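Peer 1: Below is the structure I would like to discuss, written out as structure tokens.
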Amino acid sequence: MSETAAKKLIGRFFYQRSLRIRVVLTQTPFFLTVVLAVVLTAFLHPSMLRDPQLLVGFWLTVALTAACFLIHWDNLPPASFLVIPYLDFVAVAFFREGIQGLLSSAGMLALFPVFWLCASGYAPKTAVVSSTLASLLIVWNPLFQSGQLSGEALMRPLLFPFMLLGFAIAVVVLTKSMDRHRLALLAKDGQLRSALMESQQRERLLETVLDTVGVGVVVLGADGHERLVNSAQESLHALATPKDISCPDESQLLVFNADGIPLPAETRPLHRAANGESFTNYQFRVGTGAKARVLSSTARPIPHGDDESDTGAVIAFNDVTDMANAMAAKDDLVANVSHELRTPVTAILSYLDMAMESPHACPPDVQRYLHIASRNADRLRGLTLDLLSTGGAIAVDRVPTDVAALVDECLSSAAPAAVSNSITTELRTTHPLMAQVDPVRISQVLDNLVSNAIKYSPDGGTLTVRLWTDGDSLRCEVSDTGLGMSADEQAEVFKKFFRAAVVRDRGIHGIGLGLMITRSIVEAHGGTMTLLSEPGTGTTIGFTIPAAVMELAPIESAPIELAANEDAHSDNETQIPLPAF
């Protein structure tokens, strides 16, 4: 048995007992040894059992052992039990003298009380001194009784007391060392118990939190097996379990993609996470019929130690059925509204065409208004068609186009709205600027960007449109000094139906489709969008279309400023600017 195991055994079966039991356990070896000596005496020399000193030593030992059993030492002052080993010395002195002629080693019985005193931990120096003096009295007791007190007689038995002195010192040192180790073990045990209680408390807290949230959570071990599943996930798993199979494997679960086709086992979230994949918002369906639900899953591996090796994964399952249904309902609403708009817009265009076919039937100004209304109605029809197919690709028909002229027309149409918001418009470009683009679609892009800049500058300011060439690429930027957007809003601005919080708070109209359609048109041209914005400062948004420029012109600043109070139109002139989404 190792030293550590022995210390644990002593600590468990001795120090954890009551004081009375410990006193009895300490006295018992001495008592049993005295009984053994009496038995040997009775076997070897029965007549010696009548020796008074032997009888006094024996019965004193019996009385002291009985006192160990009968006295409640816990109710007495500390260290009061040490009276027993001191009286044991007296019993040893009488017993040794009475049995000396038969068992010469009877004096070694003094080792028991010496060990008891020195191992008690109370006054170790006093215990060593008193043990030595008691051993001297034991060996000198016969001399005192015979009266032969000579120097030689006193020195002859000194070896035994000095042996007990060394034994006492060794016991004190060993006891102190064991006490230190015992206290260290107790402190470590307390720390481990505290850590265990804290760990159990955290585990209970984690279980409570996981069972409280409405998100299904699964923790996989390094072997790919489930180590933790919360109650929400158990409910979701029940939806995917076939009724006629009690313990289905993963391939038998009712898990489908968006089209209702069963997902292969290797593409399911748990299988992917077990293979170390990390993914976000991986959507699928579970269950069938009215109980079918749409789930969004996210998985992250659990790194282990400094080597960053994976020891498992955590997968979260979020029920997004209501959100999916709401998005589908919104798409249906947009499609229905767009379908209803297409008929009246077509009728408006037909009547405008009929009016413009008779140029002498109305004054020139009215003819110009009709052309502007026709162009905007045509764009409105294009928007309506876009709304009917927001999820599909947008077709473009590239033809040679003067993009600078498109910008002029856009700013002309937006002039009334700019005047209404006290906005000064400025165009910086070179005329003409020819490019291979779809004029209708690019006009739609310009209308969206300019109308957004005006709409989101309700407190006035400056709107600047900059159009230039960069190699064989066409570049355009629209800048305003309006409300601006935060970084989080910029990350969402090109998503369907997104509208910034400040826009909603100020009641600015729109449904959040303009920039999504704009980006789709630019990407259909093979281009990219750029965005730079600061809250309260303004926004600069632009696009780049590569391989579009047909004829490279030197970039010269030719600003054309259209002031908000410009009298390019008469006071009774009205224009309807194209709404931006």
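Quick note: the coordinates plus some simple rules give every number you see, no bench work behind them. Just so it is clear, the model here is predicted, and its values are computed rather than measured. Positions of Cβ are backbone-derived with ideal geometry, glycine not excepted, and every protein chain shown enters the neighbour counts.
Peer 1: Mind ranking 278-290, 17-29 by how tightly packed they are, going by the mean number of other C-beta atoms within 10 angstrom, highest first?
Peer 2: 17-29, 278-290
Peer 1: Listed highest first by mean packing, meaning other Cβ atoms within 10 Å per residue, what order do 203-211, 219-227, 435-443 come in?
Peer 2: 435-443, 219-227, 203-211
Peer 1: Shifting gears a bit: With +1 on the Cβ of every Lys and Arg and -1 on the Cβ of every Asp and Glu, and nothing else charged, how large is the dipole of region 176-289 about its Cα centre, in debye rounded to the nearest 20?
Peer 2: In debye, rounded to 20, region 176-289 gives about 700.
Peer 1: Please work out the FRET efficiency for the pair Asp472 and Ala329, using the Cβ-Cβ distance as r and a Förster radius of 56 Å; give the result to the nearest 0.05.
Peer 2: The pair Asp472/Ala329 has a calculated efficiency of 0.80.
Peer 1: Once you place label points 7 Å from the Cα toward the Cβ at His304 and Leu196, how far apart are they in nm?
Peer 2: 2.5
Peer 1: Give me the number: length gained by fully extending Leu174 to Asp402, i.e. 0.36 nm times residue separation minus the C-alpha to C-alpha distance, one decimal in nm.
Peer 2: Between Leu174 and Asp402, full extension yields an extra 71.8 nm.
Peer 1: Using R₀ = 35 Å, calculate the FRET efficiency as 1/(1 + (r/R₀)^6) where r is the Cβ-Cβ separation of Asn281 and Asp244; round to 0.05.
Peer 2: 0.60
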